[in-house]
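Structure first, commentary second.
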């Protein structure tokens, strides 16, 4: 059983189980209030699922692609919660969750997942079905494209306003069952540098 957190778009939190599926999920598409709502979201899904932190085997974290400010809130929360309960963090590409949900709902063939990366850019990832373990087949890694010039999709283009933490957690559960962890790097997919960078500082004269 996993707690799953994604803040690559809005904020989504869920508790999932390999056999039971998505046990509880809450979220908002607000892209500005990640830090304000994530704590309540974690508490709410644990209450709704009727589980305690000790029942969890890990925390799935959406690693993006996504804007720096929002994405780091979810990753930091996942790491802090996992540290607090002595369980591992399972990093997952956020677009994989979108793809899994689409294919699980009956979608077939090539899929292009597109999310807002701000600055008039979109984050884009291409997929082609599910593999033998039920995991989305990523044919091109996440990348940035101009919002008004995203290359034409080979199949279906899916513009996702939200990323389901429930689906994210199920990606992690499927990967664990197939002994294919990790399914993503432990580094966030910001795709660009943060808007704010540290100052070089002032030179001290002696």
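Looking for whichever is modelled with pLDDT of 95 or more and either more than 16 Å from residue 167 (Cβ to Cβ) or outside any loop (DSSP other than H, G, I, E, B) (or both) here; the options are 97, 117. Which one fits?
Exactly one residue qualifies, and that residue is 97.
Mind listing just one residue for me: the one in the stretch 1-28 that is outside any strand (DSSP E or B) and in contact (Cβ under 8 Å) with a residue 24 or more places away in the chain and, of those, surrounded by the fewest Cβ atoms within 10 Å (Cβ to Cβ)? Write out each step before concluding.
In the first step, residues of the stretch 1-28 are kept if they are outside any strand (DSSP E or B); the result is 1, 7-10, 18-20.
Now restrict to residues that are in contact (Cβ under 8 Å) with a residue 24 or more places away in the chain: 1, 7-10, 18.
Numbers: 1: 17, 7: 33, 8: 33, 9: 26, 10: 19, 18: 15.
Result: 18.
For the stretch 124-136, give me each residue that is more than 15 Å from residue 106 (Cα to Cα) and exposed (fewer than 15 other Cβ atoms within 10 Å of the Cβ).
Within the stretch 124-136, 132, 133 meet the criteria.
Residue 84: more than 18 Å from the chain's Cα centre (by Cα), under 25 Å from residue 142 (Cβ atoms) and not in a strand (DSSP E or B), yes or no?
Criteria not met by residue 84.
Could you go through the stretch 35-54 and let me know if any residue there is touching a strand residue (DSSP E or B) at 6+ places or on another chain (Cβ under 6 Å), in contact (Cβ under 8 Å) with a residue 40 or more places away in the chain, buried (at least 24 other Cβ atoms within 10 Å of the Cβ) and assigned to a helix (DSSP H, G or I).
Yes, the stretch 35-54 contains a residue that is touching a strand residue (DSSP E or B) at 6+ places or on another chain (Cβ under 6 Å), in contact (Cβ under 8 Å) with a residue 40 or more places away in the chain, buried (at least 24 other Cβ atoms within 10 Å of the Cβ) and assigned to a helix (DSSP H, G or I).
The values are calculated or read from the model by the stated rules, or taken from the named source; none is laboratory data. All of these numbers come straight from a predicted model, not from anything done at the bench. Neighbour counts are summed over all protein chains in view; Cβ atoms, including those assigned to glycine, are modelled from backbone coordinates with ideal geometry.
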